[in-house]
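**Q** Take this structure, written in structure tokens, and hold onto it; I'll ask about it next.
No value in this document is a laboratory result; all are computed from the given coordinates. In this text, all values refer to a predicted model and were calculated from it rather than measured experimentally. As a convention, Cβ positions derive from the backbone with ideal geometry for all residues, glycine included, and neighbour counts pool all protein chains shown.
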């Protein structure tokens, strides 16, 4: 893909992490903070190359960890694994179907927190877990699933507005006849 696409994705990730850390009305209403980086990773893995996936996983994971209680870098591997797996099988995925986008976002938004939790438990960090954590995990998964089709819609519009669209037609009509000679 082009560099503009990667810049737009990383800028969106930076703004997402900042807004997730500062804007709290949704967190207060839902009882959980919805993490939108896995849904953005689904869009990136279906629309961009491996460089964009790696940059989003590294930058987004470190930005997220720097503003959370997680050890620095623990979110990088789960984000990268989701992006790598989806990118590996993106030829089999119906990218333009809203239901497929929702289900992939739901799965990624459910898998990334579980993988991060597994890494935290293996690092001998003791996160707070309880029955309310299950409700928070469900809210995070549904929120990420609902956000994924929105990313496709937003980025398709942005790229259409900011990218050069080549013309496929020529200045000559295909049914034009060229007469050679004097008359």
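**Q** Give the order of 5, 126 when sorted by the count of other beta carbons within 10 angstrom, beginning with the fewest.
**A** Details: 5 19, 126 8.
Result, fewest neighbours first: 126, 5.
**Q** What is the order of 52, 109, fewest Cβ neighbours within 10 Å to most?
**A** Taking fewest neighbouring Cβ atoms as first place, the list is 52, 109.
**Q** Among 25, 149, 71, whose mean-square fluctuation peaks in a Gaussian network model of the chain (Cα, cutoff 10 Å)?
**A** In the Gaussian network model the winner is 25.
**Q** Another question, if that's okay. What 222 nm value per residue comes from the helices of the chain, counting each DSSP H run with n ≥ 4 as -39,500 (n - 2.57) and dividing by all residues, nearest 500 deg cm²/dmol?
**A** Value at 222 nm, helices only: -21000 deg cm²/dmol.
**Q** For the range 3-162, what's the relative contact order in percent, using C-alpha pairs closer than 8 Å and at least 6 residues apart?
**A** 29 percent.
**Q** Using only the Cα atoms of the range 71-183, what do you get for the radius of gyration and for Dmax, in Å?
**A** 24.3, 92
**Q** Taking the range 3-162 as the region of interest, what is the percent of Cα-Cα pairs per 5 angstrom bin, listed from the shortest bin to the one with the maximum distance?
**A** Bins of 5 Å from zero give 1, 10, 18, 23, 23, 14, 7, 3, 1, 0 percent of pairs.
**Q** In addition: Could you identify which residue out of 72, 128, 30 has the top mean-square fluctuation in a GNM of the chain using Cα springs shorter than 10 Å?
**A** 128
**Q** While we're looking at this one, here's another question. Starting with the fewest neighbours, write out 160, 140, 103 ranked by other beta-carbon atoms found within 10 Å of each beta-carbon.
**A** Ordered from fewest to most neighbouring Cβ atoms within 10 Å, 160, 140, 103 come out as 160, 103, 140.
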